[in-house]
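Below is one structure, written out as structure tokens; the observations come after it.
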Amino acid sequence: MKAFEALFWISLLIVFYTYIGYGILLYILVKIKESFHKPVRRPMPADETLPSLTLFITAYNEEDVVDDKMRNCLELDYPADKLRIVWVTDGSNDRTNERLSRWPQATVLYQPERQGKTAALNRGMHFVETPLVVFTDANTCLNREALRKIVHAFTDPKTGCVAGEKRIAVQSKDNAASGGEGLYWKYESALKALDSRLYSAVGAAGELFAIRRELFEEMKADTLLDDFILSLRIVMRGYTITYCADAYAVESGSADMHEEEKRKVRIAAGGLQSLWRLRPLLNPFRYGTFCFQYISHRALRWSLTPILLFLLLPLNIILIFTTSTPLPYAVIWLLQTVFYLMGSWGYYLSTKHIKNKILFVPYYFLFMNINVIRGFNYLRKRKGTVNGTWEKAKRA
């Protein structure tokens, strides 16, 4: 039984560290660092020295949001003669291109064949000539100062990528998806800010991030998390990712938990795919501080921790009946049971469209971790589909 006890406590420690302990440790490390090295404050560039930049949007059948997005782009506080707006709309068969034709300020790159977002991104970047590229989604709105704040972050020559903040629009009646997702992103934003202050943010979200044009590397067309892969490849080249909370993108939360489930499973699968494709980052002798951040903030969440989380309950039950000191295990079992019951009740309320943010938190937390495990299966099936398609193509 000693082996079960050791496994239980190690699992509990890793789960705690992944979701809470790392944030505490990160905060302490940042405070220690900044007590010795104060952050350098750089002046905001004057208008005449601002670089030209491209606002880059990949879109597939986004006719409902095109006009709002273009209005938002043109309202941004940045010199019009230094701003290029590029849309890549490959495969769109609705009125997206028709609506964009009414906006002469936009450059539209279109081909009838749909090959996925990553392929569209790879293709579109060949037409970008500005030194900075800002990526954003069609269904998000940026704050007016976003571009200036991003450019300001690039005044540090070590910065190769700037990650903006993702915000979930406040709804009058949040469902479990938007309510839980909003709280999750607030916590994530706090971690990203601390990561950036310690050394580098660990990845960027596709809703809003920017890179130096010369640092772009084409990615495999089957890449699931292009924003994450692209930003971390820049870190692998010796640059850092600066987190900029003053540049943010606002989007609505998922319509319901079914839509959120599909999104989270795909993200989890993309995380697993990224772990393999970015495996050199797991070398602490080469990447030092960033390796520590990468494992703590991303790698554990997308691999080991969800498995250990759901292993805790059966291990807990075994130890209650097999150890000579069952009381502490009984208390932990009770806490786990209450948490799972709260999550289950949150699920029930979500099916009834009843708002309760307290219960949405455990539900969303369990929901995310379940979908990480489902991501393994998604990736396996997707790999089989891709391989099958490839084999058919070779035979044809």
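The values are calculated or read from the model by the stated rules, or taken from the named source; none is laboratory data. Bear in mind the structure is a predicted one, so any value in this text is a computation, not a measurement. Cβ placement follows ideal geometry from the backbone for every residue including glycine, while neighbour counts extend to all protein chains displayed. The accessibility values were calculated without ligands, DNA or RNA, using every heavy atom of the protein model including side chains. Shrake-Rupley method; radii C 1.70, N 1.55, O 1.52, S 1.80 Å.
Could you check how many residues of segment 127-150 are of a type in the set (Ser, Thr, Tyr) and within 20 Å of the chain's Cα centre (by Cα)? I'd like the intermediate steps shown before the answer.
Let us first name the residues in segment 127-150 that are of a type in the set (Ser, Thr, Tyr), namely 130, 136, 140.
Cutting the leftovers down to within 20 Å of the chain's Cα centre (by Cα) gives us 136, 140.
So the count comes out to 2.
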Say whether the condition of being surrounded by fewer than 17 Cβ atoms within 10 Å (Cβ to Cβ), modelled with pLDDT under 95 and closer than 30 Å to GLY124 by Cβ is met by at least one residue in segment 29-44.
yes
Would it be correct to say that ILE10 is assigned to a helix (DSSP H, G or I), open to solvent by less than 90 Å² (accessible area, probe 1.4 Å) and farther than 22 Å from ALA119 by Cα?
no
Within segment 106-121, residues being under 23 Å from LEU53 (Cα atoms), open to solvent by less than 90 Å² (accessible area, probe 1.4 Å) and of a type outside the set (Lys, Arg) number 8
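Here's the yes/no breakdown for (1) among the basic types (Lys, Arg); (2) within 30 Å of LEU100 (Cα to Cα); (3) touching a residue at least 40 places away in the same chain (Cβ under 8 Å):
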residue	(1), (2), (3)
GLU5	no, no, yes
LEU12	no, no, yes
TYR19	no, no, yes
TYR22	no, no, yes
TYR27	no, no, yes
LYS31	yes, no, no
TYR60	no, yes, yes
LYS69	yes, yes, yes
ALA80	no, yes, no
**Q.** Residue in segment 368-380 that is over 16 Å from LYS262 (Cα atoms), modelled with pLDDT of 80 or more, in a helix (DSSP H, G or I) and open to solvent by 60 Å² or more (accessible area, probe 1.4 Å) present
**A.** no
Residue hits (segment 75-91; under 21 Å from VAL133 (Cβ atoms) and open to solvent by less than 80 Å² (accessible area, probe 1.4 Å)) are LEU76, ASP77, TYR78, PRO79, LYS82, LEU83, ILE85, VAL86, TRP87, VAL88, THR89, ASP90
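Picking from ASN72, ASN61, ASN93, which residue would you name as being more than 30 Å from ILE317 (Cβ to Cβ) and touching a Cys at 6+ places or on another chain (Cβ under 6 Å)?
Working: ASN61 fails: touching a Cys at 6+ places or on another chain (Cβ under 6 Å); ASN93 fails: touching a Cys at 6+ places or on another chain (Cβ under 6 Å).
None of the others qualify; the one that does is ASN72.
Would you list the helices (runs of 4 or more DSSP H) that sit entirely within segment 186-305 and hold 3 or more residues that are open to solvent by 10 Å² or more (accessible area, probe 1.4 Å) and without any contact (Cβ under 8 Å) to a residue 12 or more places away in the chain? Let's see the steps before the verdict.
Numbers: elements: 226-236, 257-277, 284-294.
Output list reads 257-277, 284-294.
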The condition of being in contact with a strand residue (DSSP E or B) (Cβ under 7 Å, 6 or more places away or on another chain) and either surrounded by 10 or more Cβ atoms within 10 Å (Cβ to Cβ) or small (Gly, Ala, Ser) (or both) holds, among THR54, THR18, only for THR54
Going residue by residue through segment 335-342, is there one that turns out to be at negative phi, in a loop (DSSP other than H, G, I, E, B) and free of Cβ contacts under 8 Å to residues at least 24 places away in the same chain? no
Okay, helices (runs of 4 or more DSSP H) sitting entirely in segment 73-179 with 2 or more residues that are among the aliphatic types (A, V, I, L, M), I get 117-124, 146-153
Result of the Cβ filter at 7 Å on segment 314-327, keeping first residues that are hydroxyl-bearing (Ser, Thr, Tyr) and partners that are outside any helix (DSSP H, G or I), at least 6 apart or interchain, is THR322/MET1; THR323/MET1
Query raised in the report: Does ILE332 meet the test of being at pLDDT below 85, within 21 Å of TYR19 (Cβ to Cβ) and part of a helix (DSSP H, G or I)?
Result: no
Scanning segment 32-66 for residues that are in a loop (DSSP other than H, G, I, E, B) and of a type in the set (A, V, I, L, M), the one farthest from VAL86 (Cα to Cα) turns out to be VAL40
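Condition check: under 28 Å from GLU259 (Cα atoms) and modelled with pLDDT of 85 or more. Does ALA177 satisfy that? Show your work before the answer.
Working: under 28 Å from GLU259 (Cα atoms): yes; modelled with pLDDT of 85 or more: no.
Considered against the rule, which asks whether it is under 28 Å from GLU259 (Cα atoms) and modelled with pLDDT of 85 or more, ALA177 comes out as no.
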